[in-house]
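Participant: Let me give you the structure first, and then I'll get to my questions.
No lab work stands behind these numbers, since they all come straight from the coordinates. Note that this is a predicted model, so its numbers are computed, not measured. Cβ placement follows ideal geometry from the backbone for every residue including glycine, while neighbour counts extend to all protein chains displayed.
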Amino acid sequence: VPLEEVSIPLFFGWFLLSTVQEKVRCTSMDFLKTLDTLEAFKKHMIDFTGKTEKEVDLEQYFEAKGSLHCTTKFCNYGKAEGAKEYAMKPAVRDFYGSTSELSLTALFVTPRTVGAQVSLTEEQLLLWPGDAEKEAASIVPAAASLPVGSRAHVTLGCAQGVEPMQTGLDLLEILALKQEGQQGETVEEMELGPLTYFGEGRWLLCLREPICAPACFSSRYK
Ligand code: 2AM
C-alpha cells in the first residue's frame, strides 16, 4: 500500500483547545441541568423516556465522547468517499496545524444527541467538504438545500448506543425544519438565550452571546 494512502487519518477537524473545552462542557452541563427541570421540557418528557410518568436526568442520559472537536471530513483512513481528494486539497495542507476561532452559536438536544452548532467563517469554509450536507440527504432529505457548512457542529454527548455521527444529522434536521418555515415553539427565555421546541424531542437554544472557541485544525488517527 502506498504511504500516502496509509497516512490518511480517521478524520480531519478543528480540535478545541483544552481551556475552552472545559468552558464548553460546563456550559453544556448547566444547560442540561436546567433544561430537565423546566415545565415545558417535562411536558414533552415522553420524547426521551417513552413513558409520561418517568423522569429523566439529562446529565446522566448523555455520555461524553472524547475530546471536543468539529469534524470537517470523516476519512476512515482513505476508505470514505472523497477522502483522498480532501486530504490533498491545498487549503487542507496550508491550514493544517493552524489555530482559528470557532463560533458556537447554539446548543441543541434531541433524544439521541446533544451538540453545539458551529457557524463557520468564509475562511473556515475553505476547509469544509462541499458535499457534507448532500451526503446526509439520504437520511435528512432537506439537507441538500441547506447552505454549505450547515452540518458543522461539536458533539457534546450521545445517548447510549448512539454514534457521534448522529449529532450532525440531528442538527440538519432542526435547520431543515427552520428553513421550511417552522418557527418552533419558543418556550422560555433562558439566561443563555431563547429556547425553542421543534417537536419529537428536538430542542434548540440560540446563544445570545456565541461562545468563541479557539481550535486547531488537525486530524486524528483513532
Ligand atoms: P461527530 O463529528 O458528529 O462527532 C470520529 O468518529 C469522528 O468522526 C466523530 O467525531 C464523528 O462524529 C465523525 N464521524 C464518524 N462517522 C462519520 C460519517 N460517516 N460522516 C461524518 N462524520 C462522521
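Participant: In degrees between 0 and 90, to the nearest 10, how far off the longest principal axis of the chain does helix 165-179 point, with axes built from Cα atoms?
Facilitator: Roughly 70 degrees, rounded to the nearest 10.
Participant: Give me the net charge for the shell around SER100: Cβ to Cβ below 12 angstrom, other residues only, Lys and Arg +1, Asp and Glu -1.
Facilitator: Here the count lands on -3.
Participant: If Lys and Arg each add +1 and Asp and Glu each add -1, what is the summed charge of the other residues whose beta carbon sits under 15 Å from the beta carbon of ASP30?
Facilitator: -3
Participant: Mean separation of Cα pairs under 8 Å and 6+ residues apart, divided by the residue count of the chain: what relative contact order is that in percent?
Facilitator: Reported relative contact order: 29 percent.
Participant: What is the distance in Å between the Cα centres of the range 174-222 and the range 44-98?
Facilitator: About 15 Å separates the Cα centre of the range 174-222 from the one of the range 44-98.
Participant: Take the Cβ-Cβ distance between VAL148 and LYS33 as r, set R0 to 35 Å, and report the resulting FRET efficiency rounded to the nearest 0.05.
Facilitator: It comes to 0.55.
Participant: 222 nm [θ] for the chain, helices only, -39500 (n - 2.57) per DSSP H run of 4+, per residue, to 500?
Facilitator: Mean residue ellipticity, 222 nm, calculated: -8000 deg cm²/dmol.
Participant: What is the spin-label model distance, in nm, from LYS43 to ALA159 if the labels are put 7 Å beyond Cα along the C-beta direction?
Facilitator: 2.1
Participant: Against the longest alpha carbon principal axis of the chain, how many degrees, from 0 to 90 and to the nearest 10, is the axis of helix 18-35 turned?
Facilitator: For 18-35 against the chain, the angle is about 30 degrees.
Participant: With the contact rule set at Cα under 8 Å and sequence spacing of 6 or more, what percent relative contact order holds for the range 97-201?
Facilitator: On the way: 151 pairs, mean separation 25.6, N = 105.
Relative contact order comes out at 24 percent.
Participant: Additional query: Taking the alpha-carbon distance from LYS51 and a cut-off under 16 Å, which lysines remain once sequence neighbours fewer than 8 residues away in the same chain are dropped?
Facilitator: In chain and number order, the partners are LYS42, LYS43.
Participant: Hey, another quick one. When Lys and Arg each count +1 and Asp and Glu each count -1, what net charge do the other residues less than 14 Å away from GLU59, Cβ to Cβ, add up to?
Facilitator: For residues surrounding GLU59, the net value is -3.
Participant: Then there's this: What translational diffusion coefficient, in µm²/s and rounded to a whole number, does the Stokes-Einstein relation yield for the range 96-197 at 4 °C and a viscosity of 1.567 mPa s, taking the hydrodynamic radius as the Kirkwood radius over Cα pairs?
Facilitator: The estimated diffusion coefficient comes to 89 µm²/s.
Participant: Test of understanding: express the Cα radius of gyration of the range 1-133 as a ratio to 2.2 N^0.38 Å, with N the residue count.
Facilitator: Details: Rg = 18.5 Å, N = 133, 2.2 N^0.38 = 14.1 Å.
With N residues counted in the range 1-133, Rg over 2.2 N^0.38 Å equals 1.31.
Participant: Here is a further query. Over the range 117-171, calculate the relative contact order: mean separation of alpha carbon pairs under 8 Å at least 6 apart, over the residue count, as a percent.
Facilitator: Averaging sequence separation for qualifying contacts and normalising by length gives 37 percent for the range 117-171.
Participant: Given the C-alpha atoms of the range 136-186, compute the convex hull and give its volume per residue in Å³.
Facilitator: Convex hull of Cα atoms, per residue: 96 Å³.
Participant: So how do 98-111, 11-24 stack up, highest first, on mean other-Cβ count within 10 Å?
Facilitator: Order by mean packing, descending: 98-111, 11-24.
Participant: Also: Hey, what's the Kirkwood Rh for the chain if you take every pair of different alpha carbons, in angstrom?
Facilitator: For the chain, inverting the mean 1/r across all distinct Cα pairs yields 18.1 Å.
Participant: First measure r as the distance between the Cβ atoms of SER7 and GLU188, then evaluate 1/(1 + (r/R0)^6) with R0 = 41 Å and state the FRET efficiency to the nearest 0.05.
Facilitator: 0.25
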